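Asker: Mind looking over this structure? Questions follow.
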Amino acid sequence: MLHVLNSNPSTSEVLAKDYRVNCEFVFETHGRVEEEVEEEEKEELPIAPKRLCQLWRCQLTATCCGDLATVLRVKHNLTELELGGNYLGDAGVRELCRGLNHSNCKLQRLGLWGCSLRCLLRGPCCCSPQQLRYCHLTHSICGDLNAVLSISLSLCELDLGRNKDLGDVGVQLLREGLQYPNCKLQKLGLEHCGLTAGCCRELSSVLRTSQTLTELGLGRNGFHDSGVQLLCEGLKHPNCKLQKIQLNIFDK
């Protein structure tokens with residue numbers, strides 16, 4: 001995997017025997033450095049490389065997360081990592097957090113969502129129904145994610161959707177990290193996470209204090225009227241920066 005990440009800036013595919021994955025790296029570069037450009041002029045050119053690693057629905061388990069954590073520590077230009085629809089579990093994500101907490105990690109977006117049955121509606125799917133499972137994350141991993149949110153200066157998008165066992169306790173644990181002054185998170189996905197009105201007071205508190213959160217996905221949770229009323233208290237606060245909130249109930 002490290003060999004692939006260190007390859008030339010082009011789309012690369014590798015079939016790993018242990019992980020059975022298909023890796024695709026996308027590089028988007030704006031501007032170009034010609035050979036004749038003077039060294040001092042290169043710094044002024046608008047070069048903005050973007051590196052994306054997509055590993056969703058690749059049958060990954062916690063076993064590979066140590067390698068991924070190493071990648072996060074050494075590849076300072078990796079900005080997006082998609083791991084949704086795998087069987088990482090709390091143990092795997094806890095290992096990932098070691099890389100996320102490293103000062104060299106510049107990751108901006110981390111996807112840990114579970115596979116939705118909606119993928120079956122898009123056309124032929126290579127996954128059997130047994131493979132369309134969640135990432136099996138529970139509230140016990142939220143303490144580690146909380147630490148990442150408190151430390152990371154680059155992570156701006158975190159998708160934890162479709163992990164039903166996160167629950168209210170998970171959100172209560174995440175609140176401290178979301179309210180930390182250094183937290184730069186702009187988008188948080190908590191769709192279909194088994195949430196109830198019991199966590200809405202914490203979410204309302206985050207809405208009142210976060211200076212960066214602009215998008216919050218809360219669809220397919222059981223908030224009911226009492227929960228939404230608590231959320232509205234945060235939304236009405238003058239400090240709330242939220243621009244988009246998802247609360248749809250009948251999503252299928």
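All of the numbers you see were taken from the coordinates with simple rules; none came from a lab. All values reported here derive from a predicted model rather than from experimental measurement. We place every Cβ from the backbone using ideal geometry, glycine too, and count neighbours over all the protein chains shown.
Asker: If a residue has to be under 15 Å from residue 137 (Cβ atoms) and assigned to a loop (DSSP other than H, G, I, E, B) to count, how many in the range 87-110 make the cut? First the steps, then the outcome.
Answerer: At the first step, the residues of the range 87-110 found to be under 15 Å from residue 137 (Cβ atoms) are 87-97, 100, 110.
The next check asks that each one be assigned to a loop (DSSP other than H, G, I, E, B); those that pass are 88.
Going through the range 87-110 one residue at a time, the tally reaches 1.
Asker: Every residue in the range 72-86 that is crowded, with 19+ Cβ neighbours inside 10 Å, touching a residue at least 60 places away in the same chain (Cβ under 8 Å) and outside any strand (DSSP E or B), please.
Answerer: Scanning the range 72-86 gives 75, 84.
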